[in-house]
Amino acid sequence: MLTVLQTVFSKPLEREEIFTSTELATIFPSLDEIIEMHYTFHENLKKLRREDGFIVKNIGATLLNRFGGPEGEWFQKLTARFCSHQSWALEQIKSRQKKEPRCNAFIQEAESKPQCRRLQLKDIIPIEMQRLTKYPLLLENIAKSTEDHVEKENIQQSAECCRKILNHVNDEVKVMENLLNLKDYQRRLDTSGLKPSTDLYTEYKNIDLTQKMMIYEGPLTWKVTKEKAIEVQCVLLGDLLVLLQHRKAFYVIFTWDSGAQIYELVAQSSGERKTWTEVIKTAVDDLKQSVRDKDSLTEDKPTNAPHTLIDYLSDKGFDLIGHSNSDQEKLANSALDEVMSLKRLLVGSISLSEDSLPDEENGKEDGGSERMEDDPGGCQSPGGAESGGAKGEEEEEQDEEGGGGISAPLVLSQERMKEVYSRLQHLEESLRRLQAVEEDHHKLQEALSKFSLEGGNFQ
């Protein structure tokens with residue numbers, strides 16, 4: 001269904017100029033990359049089935065390559081980006097539908113297409129998250145039916161990797177949901193109860209809850225007097241405890257200048273009371289520590305909101321002075337050089353024989369060209385099983401169609417094996433650093449999008 005999201009919604013929305021490419025990159029972040037990773041994994045599984053005569057005997061190594069190591073880390077980052085934005089994506093699309101009839105008509109028409117299988121866009125977007133929740137249980141069931149000890153251990157390790165990925169994605173989704181809730185609270189915020197003559201009015205009349213981090217929230221009962229109790233939604237924001245009634249804030253508890261104040265808040269259970277006590281105590285301790293750290297600074301940072309793009313990006317933690325495109329270009333060129341060196345090494349190690357020549361030249365009637373075999377020593381990177389799947393199938397199809405391609409075994413000496421392994425390690429490190437560059441680019445793109453939405457000045 002991710003392909004449906006791409007071909008039926010994302011690309012046509014850009015083609016019809018309903019959303020810009022930048023907006024779609026924020027609404028559906030890393031969609032193309034996730035589809036590519038799923039496709040490669042699927043091709044590798046199909047390759048296993050063909051090699052084992054359609055009865056797969058060993059799948060543990062392929063699973064571990066997919067969900068563990070660098071491949072697993074990269075998959076975790078991509079899925080966390082995509083899944084954490086799904087609620088926000090639906091909100092943006094719904095908002096555009098209300099404003100633009102053309103957008104509303106497009107979505108309705110797209111949802112009616114047979115590829116959607118009678119599912120609406122709001123049902124399609126969460127499918128990636130639903131897929132992640134199924135992986136751990138699926139792999140655990142496979143492990144239970146596996147007798148080989150090594151194979152079973154690999155599958156169980158893969159299941160644990162899936163569980164870690166799922167937990168990380170859940171955390172990222174929660175952070176985004178908290179931010180969306182704060183935006184909703186901010187929109188409904190009522191500060192009319194603050195008197196203009198008080199210091200509280202000056203401090204909180206223009207408060208922006210979205211600039212704070214939500215730590216915890218839940219329903220509590222505020223006992224104003226023995227006879228009077230009010231049901232409230234309590235939101236802990238680190239340095240603030242906000243009480244809401246009917247989704248509107250009407251009291252802000254705790255300021256440094258106002259001193260200690262006592263409020264009687266009743267939880268719905270003893271467990272909930274314990275949780276509230278712990279999170280409030282932790283928030284207070286963290287706040288005290290941050291104040292001590294602030295007092296230890298010799299110079300105060302300006303508190304005014306940034307008005308320019310440079311100020312905005314600096315406040316978001318981007319190193320604008322130390323940033324250099326030349327380092328990124330050198331890193332990319334270095335990775336490309338490693339790939340070309342590996343290619344020269346491996347191509348130079350192919351051993352051609354009569355069996356590897358096309359049928360027209362060696363006179364064979366059965367026409368079966370030998371398949372390329374990997375050296376038993378294993379000159380394959382940890383992620384190699386993933387990256388080679390799609391290409392391998394394409395080459396096999398060409399052979400079946402009589403394309404006349406030459407396929408031959410690799411012959412590697414021990415010394416050359418060590419050189420190949422060393423270059424693979426260097427390449428893996430370069431790819432890991434390139435992934436970090438890509439992640440920084442994504443963060444910058446997201447920051448620029450938010451800056452634009454907030455009406456920032458690009459001058």
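Observations, loosely collected:
- Applying the set (1) among the β-branched types (V, I, T); (2) surrounded by 12 or more Cβ atoms within 10 Å (Cβ to Cβ); (3) outside any loop (DSSP other than H, G, I, E, B) to T191 leaves exactly one unmet item: (3).
- Test: residue in the range 49-67 that is under 29 Å from M176 (Cα atoms) and within 26 Å of the chain's Cα centre (by Cα): yes
- Answer residue from the range 107-131, given it is open to solvent by less than 60 Å² (accessible area, probe 1.4 Å) and of a type outside the set (A, V, I, L, M, F, W, C) and is farthest from L166 (Cα to Cα) among those: E111
- Breaking point among (1) at pLDDT below 70; (2) open to solvent by 60 Å² or more (accessible area, probe 1.4 Å); (3) assigned to a helix (DSSP H, G or I), for F451: (2)
- Residues of the range 8-25 that turn out to be in a helix (DSSP H, G or I) and within 25 Å of P114 (Cα to Cα), as a count: 9
- When T202, T225 are screened for being among the β-branched types (V, I, T) and either modelled with pLDDT of 75 or more or at positive phi (or both), only T225 passes.
- Taking the range 176-186 as the range and being of a type in the set (A, V, I, L, M) and either open to solvent by less than 30 Å² (accessible area, probe 1.4 Å) or not in a helix (DSSP H, G or I) (or both) as the test, the residues that pass are M176, L180, L182.
- Helices (runs of 4 or more DSSP H) lying entirely in the range 26-116 (those with 1 or more residues that are free of Cβ contacts under 8 Å to residues at least 12 places away in the same chain and more than 17 Å from L132 (Cβ to Cβ)): 31-51, 86-99, 101-111
- Members of the range 14-41 found to be over 15 Å from E438 (Cα atoms) and either of a type in the set (G, A, S) or touching a Leu at 6+ places or on another chain (Cβ under 6 Å) (or both), listed by number: E14, F19, S21, I35
- Some residue of the range 133-149 being over 30 Å from D171 (Cβ atoms) and in a helix (DSSP H, G or I): yes
Yes or no, residue by residue, for (1) crowded, with 17+ Cβ neighbours inside 10 Å; (2) within 30 Å of T210 (Cβ to Cβ); (3) of a type in the set (S, T, N, Q):
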| site | (1), (2), (3) |
| --- | --- |
| G68 | yes, no, no |
| E71 | yes, no, no |
| A105 | no, no, no |
| T133 | no, yes, yes |
| D148 | no, no, no |
| R163 | yes, no, no |
| K174 | no, yes, no |
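- Meets criteria (open to solvent by 60 Å² or more (accessible area, probe 1.4 Å) and hydroxyl-bearing (S, T, Y)) for S158: no
- Filtered residues of the range 25-46 (kept if crowded, with 19+ Cβ neighbours inside 10 Å, farther than 15 Å from G72 by Cα and of a type in the set (A, V, I, L, M, F, W, C)): A25, I27, F28, L31
- Checking the range 110-122 against the condition returns no match, with no residue being aliphatic (A, V, I, L, M) and either over 27 Å from V169 (Cβ atoms) or in contact with a Leu (Cβ under 6 Å, 6 or more places away or on another chain) (or both).
- Scope the range 255-281; condition at pLDDT below 80 and touching a helix residue (DSSP H, G or I) at 6+ places or on another chain (Cβ under 9 Å); matching residues: T255, W256, D257, S258
The values are calculated or read from the model by the stated rules, or taken from the named source; none is laboratory data. Since the structure is predicted, the reported quantities are computational estimates derived from the model, not experimental observations. With ideal geometry, Cβ positions are generated from the backbone for all residues, glycine too; neighbour counts draw on all protein chains shown. Surface areas here come from the heavy atoms of the whole protein model, side chains and all, with no ligands, DNA or RNA. Shrake-Rupley method; radii C 1.70, N 1.55, O 1.52, S 1.80 Å.
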